[in-house]
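The values are calculated or read from the model by the stated rules, or taken from the named source; none is laboratory data. Treat the numbers as computed from the prediction; the structure is a model and nothing was measured. Here the Cβ is made from the backbone with ideal geometry for all residues, glycine too, and neighbour counts use every protein chain on show. Accessible surface areas use protein heavy atoms only, side chains included; no ligands, DNA or RNA. Shrake-Rupley method; radii C 1.70, N 1.55, O 1.52, S 1.80 Å.
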Amino acid sequence: MSIASNYQTVIQRVRDACMQAGRDPHEVCIQAVSKTVDIDAVREAHECGMVHFGENRIEELIKKQTAEPELSWNFIGNIQSRKIKDIVAHAATIHSLYKYSHAVKIDECAKELKRPARVFLEVNISGETSKSGLSSDDVFEMMRECLSLEHIEVIGLMTMAPRYDNQIAREVFRGLYELKQEIQARIDHSRMEKFSQLSMGMTEDYVEAILEGSTCIRVGRGIFDEDYYCS
Ligand SMILES: *Cc1c(COP(=O)(O)O)cnc(C)c1O
């Protein structure tokens with residue numbers, strides 16, 4: 001019951017935020033971050049209508065994907081070089097690419113599999129030292145380098161906002177939106193048309209993220225924590 005009611009609350013808040021921002025709710029994909037729950041909770045979420053799931057450990061992603069292969073499984077965790085082959089083979093999208101050496105390896109694996117790897121570039125907009133990601137300056141160079149790798153499709157940018165202050169979170173999200181606009185304005189390349197998404201917003205700040213243009217929110221506790229919206 002609680003996943004169902006949480007999901008209804010999330011959907012309603014997404015709709016309200018879209019209404020406020022003058023956006024179409026269909027532009028926003030809800031990814032259920034299932035990293036802390038088991039496959040039964042995933043199945044329950046799927047019965048409520050959820051189809052996109054996010055995991056931060058590839059072993060766990062593969063395990064759940066094997067149990068539920070029809071669902072969309074996305075990698076949102078830190079990339080380790082020796083796991084790239086598995087990540088590329090199993091994840092529908094990779095949200096957390098920020099090293100060129102990893103991009104090269106992802107490209108090689110995607111080539112072998114004969115299908116493009118769809119990735120977001122992770123940007124550390126807030127500049128917190130605890131966060132990973134490219135600096136806003138370095139993302140241009142990385143974007144150009146990735147465009148020359150034929151088997152990678154950069155579909156957008158991803159960031160994580162500092163916690164506990166939604167005003168600051170909103171400024172960070174606006175920063176990512178503006179960065180995407182700037183990249184689109186400055187980089188002219190035939191493969192740029194794929195580059196359109198913003199993966200931003202988690203349980204505590206997805207409303208702010210949608211107001212600033214998010215197309216993909218990654219919600220864990222807000223969906224899977226029992227009665228998150230009742231406490
Ligand atoms: C865990 C995680 C989330 C979801 O966090 P919640 O606060 O539970 O919504 C989103 N994105 C990433 C990268 C995560 O690791």
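Amide H contacts of LEU97 (H built 1.01 Å from N, in plane; Pro and chain starts excluded): PHE120, GLU122 sit under 5 Å, all sequence-distant by 5 or more or on other chains. For the stretch 31-98, evaluate the Debye formula with one uniform point scatterer on each Cα (no solvent term) and list log10 I(q)/I(0) at q = 0.12, 0.23, 0.28 Å⁻¹, rounded to two decimals. The calculated log intensity ratios at q = 0.12, 0.23, 0.28 Å⁻¹ are -0.26, -0.92, -1.32.
When the alpha carbon coordinates of the stretch 92-143 are projected onto the principal axes, the ranges are 37, 21, 14 Å, largest first. Applying 1/(1 + (r/R0)^6) with R0 = 41 Å to the Cβ-Cβ distance of GLU141 and HIS46 gives a FRET efficiency near 0.55.
Partners of LYS63 within straight-line reach, counting aspartates and glutamates whose Cα lies under 14 Å from its Cα and excluding those fewer than 8 residues away in the same chain: ASP38, ASP40, GLU55, ASP86. Dipole magnitude for the stretch 1-142: computed about the Cα centre from +1 point charges on Lys and Arg Cβ and -1 point charges on Asp and Glu Cβ, it is near 260 debye. Among the GluC sites (Glu not before Pro) in the stretch 35-107, those located in a DSSP loop and surrounded by at most 11 other Cβ atoms within 10 Å of their own Cβ are GLU70. Geometric descriptor of the chain, per residue, is 122 Å³ (volume of the convex hull of the Cα atoms). Using the Cα gyration tensor of the stretch 180-231, with a ≥ b ≥ c the square roots of its eigenvalues, what is the shape: rounded (a/c below 1.5), prolate (a/b larger than b/c) or oblate (neither)? Prolate, because a/c is 1.5 or more and a/b exceeds b/c. For the stretch 56-142, the alpha-carbon radius of gyration amounts to 1.12 times the rule-of-thumb value 2.2 N^0.38 Å expected for a compact globular protein. Ranking VAL42, GLN65, GLN80 by how far each Cα lies toward the positive end of the dipole of the stretch 31-120 (charges on Cβ) leaves GLN80 at the top. Estimated from helices alone, the mean residue ellipticity of the chain at 222 nm is -13500 deg cm²/dmol (sum of -39500 (n - 2.57) over DSSP H runs with n ≥ 4, per residue). Across the alpha-carbon set of the stretch 1-127, the Rg to Rh ratio works out to 1.01, Rh being the Kirkwood radius. Using a probe of 1.4 Å on the protein chains alone, the accessible area found for LEU157 is around 0 Å². The solvent-accessible area of ASP137, taken with every protein chain present and a 1.4 Å probe, is close to 130 Å².
Here the stretch 160-231 is assigned +1 on the Cβ of each Lys and Arg and -1 on the Cβ of each Asp and Glu. Its dipole about the Cα centre then comes out at about 360 debye. Give LYS64/LYS194; LYS64/LYS131; LYS99/LYS180 a once-over and call out the pairs whose C-alpha atoms are over 23 Å from each other. Where the Cα-Cα span goes over 23 Å, the pairs concerned are LYS64/LYS194; LYS64/LYS131. Amide H to amide H, with H built 1.01 Å from N, VAL33 comes under 5 Å of GLY54, VAL219, GLY220, counting only residues 5 or more places away or on other chains. Along each principal axis, taking the top coordinate minus the bottom one, the Cα set of the stretch 142-215 gives 39, 22, 17 Å in descending order.
Distant-in-sequence amide contacts of ALA117, defined by a placed amide H-H separation under 5 Å and a gap of 5 or more residues or a different chain, comprise ILE152, GLU153.
Placing unit charges on the Cβ atoms only, positive for Lys and Arg and negative for Asp and Glu, gives the stretch 1-82 a dipole magnitude near 260 debye about its Cα centre.
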